[in-house]
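Starting off with a structure, shown below.
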Amino acid sequence: MFMQLFPGQLRGDARRYVNKLVSYVYPYVEITFREFQVDTWFERSEAFEAIERYLSANSSKMAKRLKANVVKDCKSVVLSLAENEEVTDEFNGIRIWWTSNKDTPEQRALFSYRGDEENRFYRLTCRREHRDIITKDYVKHVLDEGKAIAVRTRQRKLYTNNKTEKWSRFKRTMWSHIIFEHPSTFDTLAMDPKKKKEILNDLITFSKSKDYYKKVGKSWKRGYLLYGPPGTGKSSMIAAMANLLDYDIYDLELASVKDNTDLRKLLIDTSTKSIIVIEDIDCSLNLTGQRKEKKEEGKEDKDPIEKKVEEEEDKKKKGSEVTLSGLLNFIDGLWSACGSERLIIFTTNYVEKLDPALIRRGRMDKHIEMSYCCYETFKVLAKNYLDLDSHELFETICRMLGETQMTPADVAENLMPKSDEETPEICLNNLIKSLEDAKEVARLKALEDAKIKVEEEAGKKKDEDGEKEQKIDAKLGDEEGKKASDAKENGVMLA
Ligand SMILES: Nc1ncnc2c1ncn2[C@@H]1O[C@H](COP(=O)(O)OP(=O)(O)OP(=O)(O)O)[C@@H](O)[C@H]1O
Ligand SMILES: [Mg+2]
């Protein structure tokens, strides 16, 4: 009716006067808390989240229409108000009304930069005379309570980024998540106890150093580089770190990120108290590509097969245009300072392949080598898998581990009983047998390598000798030629 009565620009004026008139007689005050605010349109409003939790916990019993938000193992349901639902609350004898709603398309265009994306809000209504107490005390009470509930009911999540093309225009679906339930802890992680203690201390100190980071002017984040052969516990360590500090994990698949801008958006959309992981960073992208190209300029005589393989690889990686500089900025550029209490972890099997800029201190502050199983590592695995602190076979195993390289993953597999009949002793013997086999394989390989080397060297020597002989022949030929021509000249002279 309003629209029909006041067409065009008159509508704005009319609305203003009607609002004024209503405010004289309307005895209530309304406060709106939007999910996304105009000035922080990337970030979900913390107040909105806190209110959502507060209302779910306190007032959802009264509401008739609810939304089920999270269902964990089909056991527990977290409820929140459905759209247009109203509930009441009481504070120091004052009655407060809460409604839940979302912007209409018309309002969205006016109030949000987020275009078509839905912007929900909670609206608080109270009587005008209670305005002060509500804005000062009640709102604070709701926000504090909401945050406390979040801490109590927090379920850690494991996120992965969606392919950029699949980001919906209507919903924020940059990251998908599941509940994080990895059982790895620092107790079950097998590694040198001294090294483990050092990492533990580093992590705990980091998590308590909010003020220190502020004092030294650094954003509150820390980079870890985990490197070592496959199966040495890099992923297990990340899970143990998340379990220790109670952080979420964002497992970032770089190949699915279109370009540097999207990488930045993903970063902004991560929460605090989180670990951002890029696994196998050396395979994720051709991050050293730009520098290599420079070095190889003018090198035209490349093997054609090698060239083709490289082209194929490049084609595969073309899905993403993220560059090394984009990634460096992601780690410690200006944008990386938004949000805090974050660990950034890279894992790789080939640390030497990485660009030095990527892993310099300040970006990757701590470099942790995960290596083959040593005796200390074995002892932790024996305790975990067989509940053994000592055994007469330990000595043999200790000696053999010194002679052979075996990953903790392989040792663990050998220690695991495969049936009820397998006693700890049988498992230890299995391990000794595997170690013997591995030693024999390594010996044969070393022999083979040595043989190849000798053959190569012999071939090289043969080539060199051949070249030498050719040179001598050529020299002799030259000298004889010269002698002949000298003799000829002499003959001519004598004649
Ligand atoms: N140090 C370790 N402590 C305890 N368990 C380990 C350790 N290393 C490996 N394992 C066992 O081996 C399995 C593989 O380990 P994990 O996935 O952590 O290796 P990784 O280093 O991440 O390997 P990749 O480089 O292939 O990703 C795990 O399930 C774990 O049970
Ligand atoms: Mg791994």
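The values are calculated or read from the model by the stated rules, or taken from the named source; none is laboratory data. This structure is a prediction, so every number in the text was calculated from the model and none was measured. In this analysis, Cβ positions are derived from the backbone assuming ideal geometry, glycine residues included, and neighbour counts consider all displayed protein chains.
From the set of residues in the range 351-374 that are touching a Phe, Trp or Tyr at 6+ places or on another chain (Cβ under 8 Å) and not hydrophobic (A, V, I, L, M, F, W, C), which is farthest from ligand 1 (Cβ to nearest atom)?
Checked the range 351-374; the qualifying residue farthest from ligand 1 (Cβ to nearest atom) is Asp365.
Yes or no: Ser112 surrounded by fewer than 11 Cβ atoms within 10 Å (Cβ to Cβ) and modelled with pLDDT under 65?
Numbers: surrounded by fewer than 11 Cβ atoms within 10 Å (Cβ to Cβ): no; modelled with pLDDT under 65: yes.
For Ser112, the condition - surrounded by fewer than 11 Cβ atoms within 10 Å (Cβ to Cβ) and modelled with pLDDT under 65 - is not met.
Shifting gears a bit: Are there any pairs, at least 6 apart or on different chains, whose C-beta atoms fall under 7 Å, with the first in the range 349-361 and free of Cβ contacts under 8 Å to residues at least 24 places away in the same chain and the second surrounded by fewer than 17 Cβ atoms within 10 Å (Cβ to Cβ), and if so, which?
none
Quick one: in the range 205-232, of everything that is more than 16 Å from ligand 1 (Cβ to nearest atom) and β-branched (Val, Ile, Thr), which residue is farthest from the chain's Cα centre (by Cα)?
If we take residues in the range 205-232 being more than 16 Å from ligand 1 (Cβ to nearest atom) and β-branched (Val, Ile, Thr), then Val216 is farthest from the chain's Cα centre (by Cα).
Follow-up question, since we're still on this one. Please verify whether the range 448-465 includes one or more residues that are at pLDDT 90 or above and either small (Gly, Ala, Ser) or under 26 Å from Thr232 (Cα atoms) (or both).
Yes, the range 448-465 has at least one match.
Identify the single condition in (1) exposed (fewer than 10 other Cβ atoms within 10 Å of the Cβ); (2) β-branched (Val, Ile, Thr); (3) at pLDDT 90 or above that Val492 does not satisfy, given that it satisfies every other one.
Condition (3) is where Val492 drops out.
What are the residues in the range 333-357 that are of a type in the set (Asp, Glu), under 23 Å from Ile199 (Cα atoms) and crowded, with 17+ Cβ neighbours inside 10 Å, if any?
Within the range 333-357, Glu341 is the sole residue that qualifies.
Here is a further query. Can you name every one of the strands (runs of 3 or more DSSP E) wholly within the range 162-270 that holds 3 or more residues which are modelled with pLDDT of 90 or more and within 16 Å of ligand 2 (Cβ to nearest atom)?
Counting at least 3 such residues, we get 221-227, 248-251.
Which ranges mark the helices (runs of 4 or more DSSP H) fully within the range 335-415 that have 3 or more residues being within 16 Å of ligand 2 (Cβ to nearest atom)?
Ranges flagged: 408-415.
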